[in-house]
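Novice: Quick one: the structure is below, and I'll ask about it shortly.
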Amino acid sequence: MSATLTRSTPTLGLRANWRQFTLLVVVNAFVGAMVGIERTVLPLLASDDFGIAAASVTLSFLVAFGITKAFANLAAGHLADRHGRKRVLVAGWLAALPVAPMIIWAPSWSWIVAANVLLGVNQGLAWSTTVNMKIDLAGPERRGLALGLNEAAGYGAVALAALITGSIAAAHGPRPWPFVLGIGIAIVGLVLSVGLVRETHGHAHEEARHHDAGGAERSFRETFVTTSVRDRSMSAICQAGLVNNLNDALIWGLVPVFLASEGLSIGRIGVVAAVYPASWGLAQLGTGAWSDHVGRKPLIVAGLWLQALGIAALALLEGYGAWIAAALAMGIGTAFVYPTLIAAIGDRAHPAWRASAVGVYRLWRDLGYAVGGLLVGFTADALGSRSAILVVAVLTAGSGIVVATRMREAASTSAAAMAA
């Protein structure tokens, strides 16, 4: 009886779960690649294939993507706590299957927008679930490292897919060949998730057994209010996430058009578009683990201010080399921020409602795409692209001030930092 109980009790930690953890890293790379196929080429389709000049109309695909992904994140966390992680992951990959074919055969821009609604569902369900599954497996001690690896894989794949599709588009045009890659990505991601990924909900229950029982009972409504407003630190984290993806919307939706207007070739635009997520992805291999030792807040504040500096440099400096340097600064700044924000939410949420809290955070974070698409689009139409870029730089710097003044470290993270 004792041996049976031991075998059936999940073991927490990266070492004990390295095979399944590695598989989830690979799956999240495929999730990231689904976004990467759009990063270089899609904004240019608006003018090249559909004759759209207004930035606000061009960025409508990002508004649709951001709103859908935000609410899919919220649903993913709640459904994962209620029904398990694997079902949500598989549902996310099913939503991905039509995305690339819709873009390839789109007769109008409305098809592109509709494809990005489905992409938002895919990203919200699949990426949120891989995050929660890695948090489950890693346990509390190495949460920052686990999330750094997750985000590194995802955004490394974004960069690689952006670079590859930019090269394909330079040689063969923006459609259909850059998006054929997306069909294969969706199929492989679905097959891996159905056939090899195992449920991790039991690991969250096991961690919850070692927590105080007082934090376990919480309705979804209470989780939403606590994460969004009531807890000062969590609310600061949520606004930082929103601003982070607001500036990512700028880089995804407007920067390729801005660089093209400055005379940069599509191949070089692809390089700039790839440097940003590549530096972001690679640096996260260290920043997530670093936050386990020095605390979350210093990295979040420094990262937001470095992002702001890079964004401002994009507008104020000229030349291919300067734009590469600006993209590098933005990427490293985002690497400081991105895994650390999710880890900070995980630090403060009880395992029994942690997936829901992560979902609430990711709702606010990915609403940044919608807010950014609207703000950047209308500002660029009214004042020009450079002004829109500078407005986002100021907002990002202000977000760092909010975190510096409102956020406090969780007790467990502060203790770990002091021990280090």
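The values are calculated or read from the model by the stated rules, or taken from the named source; none is laboratory data. This one's a predicted model, so the numbers in the text were calculated from it and none came from an experiment. Here the Cβ positions follow ideal geometry from the backbone for every residue, glycine too, while neighbour counts run over all protein chains shown.
Novice: Please work out if residue 311 is farther than 25 Å from residue 131 by Cβ, buried (at least 24 other Cβ atoms within 10 Å of the Cβ), among the aliphatic types (A, V, I, L, M) and touching a helix residue (DSSP H, G or I) at 6+ places or on another chain (Cβ under 7 Å).
Specialist: Yes.
Novice: Name the residues in region 272-287 that are buried (at least 23 other Cβ atoms within 10 Å of the Cβ) and β-branched (Val, Ile, Thr), would you?
Specialist: Matches in region 272-287: 272, 287.
Novice: Within region 193-200, does at least one residue satisfy the condition of being surrounded by 15 or more Cβ atoms within 10 Å (Cβ to Cβ) and at pLDDT 90 or above?
Specialist: Yes.
Novice: Can you name the residue in region 1-35 that is among the small types (Gly, Ala, Ser) and at pLDDT 70 or above and, of all such residues, is nearest to the chain's Cα centre (by Cα)?
Specialist: The extreme case among them is 32.
Novice: Take residue 356 and decide whether it is of a type in the set (Ser, Thr, Tyr), touching a helix residue (DSSP H, G or I) at 6+ places or on another chain (Cβ under 7 Å) and modelled with pLDDT under 95.
Specialist: Judged against the criteria, residue 356 is a match.
Novice: So, one more: Being surrounded by 18 or more Cβ atoms within 10 Å (Cβ to Cβ) and in contact with an Asp or Glu (Cβ under 8 Å, 6 or more places away or on another chain): is that true of residue 290 here?
Specialist: Taking the combined requirement at face value, the residue does not satisfy it.
Novice: Suppose we filter region 17-61 for residues that are free of Cβ contacts under 8 Å to residues at least 40 places away in the same chain, outside any helix (DSSP H, G or I) and farther than 16 Å from residue 377 by Cα; how many remain? Outline the logic, then answer.
Specialist: From region 17-61, those free of Cβ contacts under 8 Å to residues at least 40 places away in the same chain are 18-19, 22, 51, 53; that's our starting set.
Restricting the remaining residues to those that are outside any helix (DSSP H, G or I) gives 51, 53.
Filter once more, keeping what is farther than 16 Å from residue 377 by Cα: 51.
Of the residues in region 17-61, 1 are free of Cβ contacts under 8 Å to residues at least 40 places away in the same chain, outside any helix (DSSP H, G or I) and farther than 16 Å from residue 377 by Cα.
Novice: Next question, about the same structure. Tell me the residue from 281, 295, 319 that is more than 20 Å from residue 395 (Cα to Cα) and touching a Gly at 6+ places or on another chain (Cβ under 9 Å), please. Show your work before the answer.
Specialist: Details: 295 fails: touching a Gly at 6+ places or on another chain (Cβ under 9 Å); 319 fails: touching a Gly at 6+ places or on another chain (Cβ under 9 Å).
After ruling out the rest, the residue left standing is 281.
Novice: Among the candidates 361, 338, single out the residue that is at pLDDT below 90, in a helix (DSSP H, G or I) and either surrounded by 24 or more Cβ atoms within 10 Å (Cβ to Cβ) or at positive phi (or both).
Specialist: Every option except 338 fails the conditions.
Novice: If you check residue 71 against the conditions, is it of a type outside the set (Val, Ile, Thr), under 17 Å from residue 362 (Cα atoms) and either touching a residue at least 40 places away in the same chain (Cβ under 8 Å) or in contact with a Cys (Cβ under 9 Å, 6 or more places away or on another chain) (or both)?
Specialist: yes
Novice: Just one of (1) at pLDDT below 90; (2) within 21 Å of residue 155 (Cα to Cα); (3) of a type in the set (Val, Ile, Thr) trips up residue 237, so point out which.
Specialist: Going through (1) at pLDDT below 90; (2) within 21 Å of residue 155 (Cα to Cα); (3) of a type in the set (Val, Ile, Thr) one by one, residue 237 breaks only (1).
Novice: Oh, and also: Looking at residue 102 and the list (1) modelled with pLDDT of 95 or more; (2) not acidic (Asp, Glu); (3) not in a helix (DSSP H, G or I), which single condition is not satisfied?
Specialist: Result: residue 102 fails condition (3) only.
Novice: Go through (1) crowded, with 21+ Cβ neighbours inside 10 Å; (2) closer than 22 Å to residue 405 by Cα one by one and return the number of the condition residue 327 breaks.
Specialist: The number of the failed condition is (2).
Novice: Which ones in region 246-269 are crowded, with 24+ Cβ neighbours inside 10 Å and of a type in the set (Asp, Glu)?
Specialist: The one that is crowded, with 24+ Cβ neighbours inside 10 Å and of a type in the set (Asp, Glu): 248.
Residue-wise test of (1) within 15 Å of the chain's Cα centre (by Cα); (2) not aromatic (Phe, Trp, Tyr).
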{"position": "321", "(1), (2)": "no, yes"}
{"position": "338", "(1), (2)": "yes, no"}
{"position": "348", "(1), (2)": "no, yes"}
{"position": "358", "(1), (2)": "yes, yes"}
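Novice: Are there any pairs with C-beta distances below 7 angstrom linking a residue in region 249-262 that is within 15 Å of residue 324 (Cα to Cα) to a residue that is polar (S, T, N, Q) and buried (at least 24 other Cβ atoms within 10 Å of the Cβ), with the two at least 6 apart or on different chains, and if so which?
Specialist: 256/40
Novice: Now for a different question. What single numbered condition from (1) crowded, with 17+ Cβ neighbours inside 10 Å; (2) under 21 Å from residue 150 (Cβ atoms); (3) of a type in the set (A, V, I, L, M, F, W, C) fails to hold for residue 64?
Specialist: Only one criterion in (1) crowded, with 17+ Cβ neighbours inside 10 Å; (2) under 21 Å from residue 150 (Cβ atoms); (3) of a type in the set (A, V, I, L, M, F, W, C) is unmet by residue 64, namely (2).
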